[in-house]
Amino acid sequence: MLNALARSNDMMYMEPKASVIVNNRGMVTIPKNIRERFNIHEGTRVVFMEIDGAIEVIPVRTVEEMEAACTIPRARMSTIIDDDREQELKLENDEA
Amino acid sequence: MKKICLDSGVLGIYFSKDRTAEVKAIMDEIKAGKVSAYMLKHVLIEAYFHICKNQGVTEATTQITNFQSQYPINLVDLDDPLILHAGKLKCQHAQFLSYIDCITIAFSLRENAELHTTEKLLKQIPHNTLQRLRFVKYNW
């Protein structure tokens, strides 16, 4: 039943991807598939942040890793910013 | 030390795959502590949105968090004089300048900081304001 609901509305019902147990020192093991997906390995620093009632774990990247993660072509980014600016000015000025 | 203020266009170039040499150079200077860099907190929200549109929420969260931890940029909050000056600019040039543009320009003028901006914003800045504003222009 829950799966059917999850399929019908991903935003409302999300299946848990992995479940781990916190040990007596407050430590958990980050599941392997998540470590691989986010390139988290021994020595990787992570940031814990509470965002909108959830705990988010964000891996800290080097400047080189940060640069490699930026995949939006400059021309595309320029279009995104143009469109955003146009929408923003329209919204702001329609409010007035 | 020289003060500079970054706008969202410059950040847009930084977060692009093929960032320009000019933007890379200024970011390296910031990282090395050779200039005193400022940016409105609001600009980070814009950057988050721009990344999110193409790369999704998870990547936007990761890139913005890492950006903040890697670069020593002073994040600027609103205060009363900024509100009043930015409000005045918005009243005068509502059709050209967004709220964030107005705050960025007001801050740069007050702090006598060089505004590092793309030609997209620069084209919109009214001539009389531009005369007092020190800026460095970056091309897309």
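For the stretch A:37-96, the set of residues classified as at the interface with chain B (Cβ under 9 Å from one of its Cβ atoms), among the polar types (S, T, N, Q) and either within 18 Å of B:Ala60 (Cβ to Cβ) or surrounded by 13 or more Cβ atoms within 10 Å (Cβ to Cβ) (or both) consists of A:Thr71, A:Ser78, listed by residue number. Check the stretch B:22-35 and report whether any residue there is within 21 Å of B:Glu119 (Cβ to Cβ), at pLDDT 95 or above and in contact with a Cys (Cβ under 8 Å, 6 or more places away or on another chain). No. Within the stretch B:60-105, restricting attention to residues that are crowded, with 16+ Cβ neighbours inside 10 Å and of a type in the set (Gly, Ala, Ser), the residue that is farthest from the other protein chains (Cβ to nearest Cβ) is B:Ala86.
Do you know which residues across the stretch B:36-59 are in contact with a strand residue (DSSP E or B) (Cβ under 6 Å, 6 or more places away or on another chain) and either facing chain A (nearest Cβ under 9 Å) or surrounded by fewer than 18 Cβ atoms within 10 Å (Cβ to Cβ) (or both)?
Here is the first cut: in the stretch B:36-59, the residues in contact with a strand residue (DSSP E or B) (Cβ under 6 Å, 6 or more places away or on another chain) are B:36-41, B:54.
Within the stretch B:36-59, B:Ser36, B:Lys41, B:Asn54 meet the criteria.
You will find that of A:Glu64, A:Glu86, A:Glu92, the residue that is touching a helix residue (DSSP H, G or I) at 6+ places or on another chain (Cβ under 7 Å) and either assigned to a strand (DSSP E or B) or not aliphatic (A, V, I, L, M) (or both) is A:Glu92 and no other. Selection of helices (runs of 4 or more DSSP H) fully inside the stretch B:88-140 by the criterion of at least 2 residues being among the polar types (S, T, N, Q) returns B:99-111, B:127-132. Remark: pairs (first residue in the stretch A:56-73, outside the structural domain of A:His41 (by TED's automatic domain parsing); second residue surrounded by fewer than 16 Cβ atoms within 10 Å (Cβ to Cβ) and among the acidic types (Asp, Glu); Cβ separation under 6 Å; 6+ apart in sequence or on different chains) are absent.
The values are calculated or read from the model by the stated rules, or taken from the named source; none is laboratory data. Note that the structure is predicted; figures quoted are calculated from it, not measured. Every residue, glycine as well, gets a Cβ built from its backbone with ideal geometry; the counts of neighbours run over all protein chains shown.
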